Amino acid sequence: MDETALRQGIDNLYAAYTDCIDDDRLEEWPDFFVDDCRYLITDRESHAAGLRHGVIYCASRGMLIDRITTMRRVLVYEPHRYRHILGAARLGTVQDGVAEARANFLAVRIMHDGQSSLFVTGRYLDRIDVGATPLRFIERLVILDSPKIDTLLVIPL
Amino acid sequence: MSVQDAGFGKGINGPVPFPSNALSDVPFRVYTDPEQYRLEQERIFKGPTWNYLCLAGEIPNPGDWVATTLGEVAVIVARGPDGAVNAFVNRCAHRGNLLCLTNKGHGKEITCIYHGWSYDLEGRLTGVAFERGVKRQGGMPPEFRKDEHHLQRLRVAELCGLVYGTFDEDVEDLETYLGPLVVGGMKRVLNRPFHVIGRSTQILPNNWKLYAENVKDTYHASILHSFLTTFRINRLSMPGSINIDESGGHHFSQAKLDYAAEDADYQAAQLRADTDLKLEDSSVIEAFDEYGDQVSVQILTVFPNLVLQQVRNTIAVRVIRPRAVDRTELDWVHLGFDDDDAAMTERRLRQGNLIGAAGYIALEDGCVGGFVQRALQYNDEGGGVVMMGGHDAESQNFRASEAAIRGFWKKYRALVGA
């Protein structure tokens, strides 16, 4: 894949990922990851300190599926949605079919009663399998700018 | 209780009156009244209580300090040159400016940015900028003595690597305050050297007491948190206990792991236990009996602001920080032990999905207090009923009970009055 095609592929992956979440098609969300994946939500300070615990820590695609199953069928919370606003994707090194990429994001939370608020901002730090199509995340680290989370976090970011 | 204590004749300045002496009657206005919130700051947080401040491991070396809060009061905890832990208010003795502006630091002294007054790590005033004036003009008058202007100091105590502080001169020592039962519960969990593996803060849209009660509430756990019943983690039918100290304020509850436990009581109650669900990756609940006593859940509280949890192999300190009458911050400090191998660390990280702001058995606690707060908004006459398991605040060997919540109110009313 040449660099232009790779950049376009990553842009498309990023846009499709946030659409999937914001459009509430969360059953499709685990398909953005390879089976042996890692998905972590942490904050900037914890990440810089090398702390491995995450608010969400998934070390397999099965754990991602469980996140959605429990969210849909088990957990109790008020209905709400996100609107993600993505910054431009930046491509890092590409080696052995794995691309490093990053993008900044902002997520607004819209409660069922229409109350909207800035929920989180942060940065995605990604390792992407670019050796096959469609492109999939090997690792997606969601590094929040703040360690404070309002009320709860149940829909993935 | 005198008429004055009940709030009569004191206008709005007294504590919210309780309808009776029964610990099972809790007036709703205690969660909504700004004056009650102010009284709690004085009589509970600045009163005769030991408040969790930080981990001793956060300030390992002389010169290390952290800035934190006790109630709403900004405080500094520092390790002095002699290795002892000191705590003092984060407020310059000169004009009241905040001394430490960041969460942590290191140095021989702390200097106020406003006028350059400096203090050693025991809170003594060591330097005053231009104390002798400039060119023999100005400066402090001769009667000014630096040793009369130290920072307001707190008493500190340490147990199991946790540092506590109090403003009160007379409160009993920490272990007496906790009582041998709760000290035993704490030593069971923090039984070897540990370190921090993660942190986060959850903003709770509710009064701090709603969360303090929530963690003492063994009744709600397997009803609200249906993940527990669905995946058979902590049913009320499992053997367990509630252990409450004599003051009522501190407690720990335990549940043992027993997959053979009957779920007939759930089916009878037609609760929403969804037994056909299976986890794709069950590593999130695969626990190892690391204490060798089959206890899979232990929730321990120290009045007013500390929760120490063992939920399977997740160990965490939760700190309840009141921020307004209807707003609380809950700090989560996730711990691992220094002797954990790679597999044990991975186990703790995976089980970490159970707890915290996104936790399968914790996230509901982030919203349920807010639901109560919303329901009470401008509709706070009357009160709640806390009668499950009787009227007392005594230890019990069953968990379908609100005894530990009654213990909270026993301690609370002894301090706040009414």
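The values are calculated or read from the model by the stated rules, or taken from the named source; none is laboratory data. These numbers were taken from a predicted model, which means no experiment stands behind them. Virtual Cβ from ideal backbone geometry, glycine too; neighbours counted across all protein chains shown.
Structure above, values below:
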{"item": "Hey, B:Ala357 buried (at least 22 other Cβ atoms within 10 Å of the Cβ) and within 14 Å of chain A (Cβ to nearest Cβ) or not", "result": "yes"}
{"item": "Condition met for B:Val302 (surrounded by 24 or more Cβ atoms within 10 Å (Cβ to Cβ), away from every other protein chain (no Cβ under 14 Å) and aliphatic (A, V, I, L, M))", "result": "yes"}
{"item": "Residues within the range A:51-97 that are of a type in the set (A, V, I, L, M, F, W, C), part of a loop (DSSP other than H, G, I, E, B) and over 30 Å from B:Arg347 (Cβ atoms), tallied", "result": "2"}
{"item": "Some residue of the range B:50-70 being among the β-branched types (Val, Ile, Thr) and in contact with a helix residue (DSSP H, G or I) (Cβ under 7 Å, 6 or more places away or on another chain)", "result": "yes"}
{"item": "B:Ala157 vs. criteria part of a strand (DSSP E or B), out of contact with any Gly (no Cβ under 7 Å at 6 or more places or on another chain) and either in the same structural domain as B:Ala56 (by TED's automatic domain parsing) or of a type in the set (A, V, I, L, M, F, W, C) (or both)", "result": "yes"}
{"item": "Qualifying residue in the range A:110-120 (condition: charged (D, E, K, R) and in contact (Cβ under 8 Å) with a residue 12 or more places away in the chain)", "result": "no"}
{"item": "Conditions (1) modelled with pLDDT of 95 or more; (2) under 30 Å from B:Tyr177 (Cα atoms); (3) out of contact with any Lys or Arg (no Cβ under 6 Å at 6 or more places or on another chain); number of the one not met by B:Gly390", "result": "(1)"}
{"item": "Criterion (surrounded by 16 or more Cβ atoms within 10 Å (Cβ to Cβ) and not basic (Lys, Arg)) met by exactly one of B:Glu122, B:Glu109, B:Glu148, B:Glu143", "result": "B:Glu122"}
{"item": "The range B:330-351, subset at the interface with chain A (Cβ under 8 Å from one of its Cβ atoms) and out of contact with any helix residue (DSSP H, G or I) (no Cβ under 9 Å at 6 or more places or on another chain), residue surrounded by the fewest Cβ atoms within 10 Å (Cβ to Cβ)", "result": "B:Thr345"}
{"item": "Residue identified as touching a residue at least 40 places away in the same chain (Cβ under 8 Å), assigned to a loop (DSSP other than H, G, I, E, B) and away from chain B (no Cβ under 14 Å) among A:Asp11, A:Asp24", "result": "A:Asp24"}
